[in-house]
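In what follows, a structure is listed as structure tokens, so that the remarks can point back to it.
What follows draws every value from the coordinates through simple rules; no lab data is involved. In this text, all values refer to a predicted model and were calculated from it rather than measured experimentally. With ideal geometry, Cβ positions are generated from the backbone for all residues, glycine too; neighbour counts draw on all protein chains shown.
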Amino acid sequence: MTNISVKLPGLNLKNPVMPASGTFGFGDVPAAKKFDLNELGAMVIKTTTPKATTGNPQPQIAVLDDGILNSVGLTNPGVDKVISEKLIALRKNYPELPIMASVGGDNEDGYVKVAKKLSDSGIVNALEINVSCPNVAQGGMSFGVHPQVVKDLTKKIKSVVKIPIYVKLTPNVTDITAIAKAAEDGGADGLSMINTVLGMRINVETRKPLLGNNMGGLSGEAIKPIAIRMIAQVRKITSLPIIGMGGITSAKDVAEFTLAGANAVAVGSAHFHDSLACPHIIQELPKVLEKIGVTNINDLVGQIEFN
């Protein structure tokens, strides 16, 4: 019997697979209702901010041959309504499912406020601190590219919450390990990586960018080599748990990310082509591991053999 369960700070996962933040909304979007969310290792909700936000101009999504460009922005009803209208309902429907909430803000105080309210709610098991979103004018990626800012913000959030925090790293930096080390020095319990890569595509007939916000975050298979490279680099310099993401579409991808150093994974863009991507990956994972001679997925973490 192959073991695919994973224990992370705050998260006891029956398997290492979860939807990336934003993919399933707050468990209330059509894709989230196509299967029993209890099949997931954990549920990650859409990023929550202090007040309601409406997101970026349309069009917000462009589906490419090898990925997705999006500039949705952090559309959400604000932290108070997320807790009272979204999270209470999600927990009621799935009392045993580990839930990770994603935290956003325009400034440090905003991040700290949202993190504390989500922690104090007693509903969620862990927090993902989204210091890496390339689609918002304030906050987001501007925080995630400065090591000292990441360290200070992580430290402030840790001082007010009672649950583990995972800092989500942006790939849009010169040295990903410096940001990872800063998060660790600030007291992070784990890391999520990578967020989307800043990109743009242009319609040659209209001469306008495909996205209403001009630029957006590239996700999907196109960024998989970048994600794997960065996870491998970060695994070399830290023993913190890593939730890996960036183009995962199959159980074999999960094995590859695990070899690079990820302890668990998040699946996002794959849902544009297969709304049941998560359960399909979960079902195939034991077979893939058995084929490569692995009986416990945790034994595979970081076992890449460099040339």
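Multiplying the residue separation of His273 and Lys7 by 0.36 nm and removing their Cα-Cα distance gives an extension gain of 92.8 nm.
Note on the chain: antiparallel DSSP beta bridges, both residues inside, total approximately 40 percent of the bridges counted.
The slack in the chain from Lys33 to Asp65, taken as 0.36 nm per residue of separation less the alpha-carbon distance, amounts to 8.9 nm. The relative contact order of the chain comes to 20 percent, based on Cα pairs under 8 Å that sit 6 or more residues apart. Using a cutoff of 8 angstrom between alpha carbon atoms and counting only pairs six or more residues apart, the relative contact order for region 217-307 works out to 31 percent. What does the net charge come to around Ala183 if you take all other residues with beta carbon closer than 15 Å to its beta carbon, with K and R at +1 and D and E at -1? With Lys, Arg at +1 and Asp, Glu at -1, the net is 0. Taken as entire DSSP H runs, the helices of the chain that both span 15 Å or more between Cα atoms along their own long axis and average 0.0 or more on the Kyte-Doolittle scale are 224-237, 277-291. Other residues within the sphere of radius under 13 Å centred on the Cβ of Ser269, judged by their own Cβ, net out at -4 (K and R +1, D and E -1). With all pairs of separate Cα atoms included, region 165-307 yields a Kirkwood hydrodynamic radius of 16.1 Å.
Note on region 36-109: Kirkwood radius taken over Cα pairs, Stokes-Einstein applied at 25 °C and 0.890 mPa s, translational D equal to 174 µm² s⁻¹.
The radius of gyration of the Cα set in region 13-140, together with its Dmax, comes out at 14.4, 43 angstrom.
Using only Cα coordinates, the Kirkwood hydrodynamic radius of the chain works out to 19.1 Å.
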